[in-house]
Amino acid sequence: MQDLSERERFDLIQLGVDEDLGTIVVTQSKIDENRKALDWPEAPFPVLHGTKPDSTKVLFPPRVNGRTIRQFFNPPIPGKKIKIVMRIIDKYLRDGAPYVVEQTTATDEDGRIIEVTTVHQLLRTRKVGEKWA
């Protein structure tokens, strides 16, 4: 992949394809650890992460988070399996720099949506340094 140009790698990113990021089980101890880390004893939602990296990390390993929107729907039930699926919902060039918009959905084994996270990622990390150069 390293011999491909930035534009060629950007063109390889496909929109609308579900990518399985793994299944996790949220335990009460994980919820309690998260609450302690947040210094929020009643935090209803733990931070959920997939067990596998998504495919865009292969094409663009370093990335810059431009914006994150987290929507919470149902608190997870300790002991239930939660499937995490990511999909690229948009990609665009802004001032010549490549961006992707990833949407990750966490759904428990009963079909309840736990959370949806939408992240805008800048794929050219050197662009950040240019702003202050």
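The values are calculated or read from the model by the stated rules, or taken from the named source; none is laboratory data. Remember, it's a predicted structure, so these values are computed and weren't measured experimentally. For the accessible areas, the whole protein counts, side chains as well, though only heavy atoms, and no ligand, DNA or RNA atoms are used. Shrake-Rupley method; radii C 1.70, N 1.55, O 1.52, S 1.80 Å.
Proximity of backbone amide H atoms, modeled 1.01 Å from N, is registered between Gly22 and Thr51, Ile84 at under 5 Å, excluding neighbours fewer than 5 places apart on the same chain. Phi angles across the stretch 54-66 convert, under the Karplus curve 6.51 cos²θ - 1.76 cosθ + 1.60 with θ = phi - 60°, into 3J(HN,Hα) values of 7, 5, 5, 5, 6, 6, 9, x, x, 9, 10, 6, x Hz, Gly and Pro given as x.
Taken over the alpha carbons of the stretch 47-87 as equal point scatterers, the Debye sum produces base-10 log I(q)/I(0) values at 0.15, 0.26, 0.34 Å⁻¹ of -0.54, -1.18, -1.36. When the alpha carbon gyration tensor of the chain is reduced to an equivalent ellipsoid, the three semi-axes, largest first, read 31, 17, 12 Å. Extension gain, Gln28 to Asn65: 0.36 nm times the residue separation minus the Cα-Cα distance gives 10.4 nm. Based on protein heavy atoms only, the chain ends up with 62 Å² per residue of surface accessible to a 1.4 Å probe.
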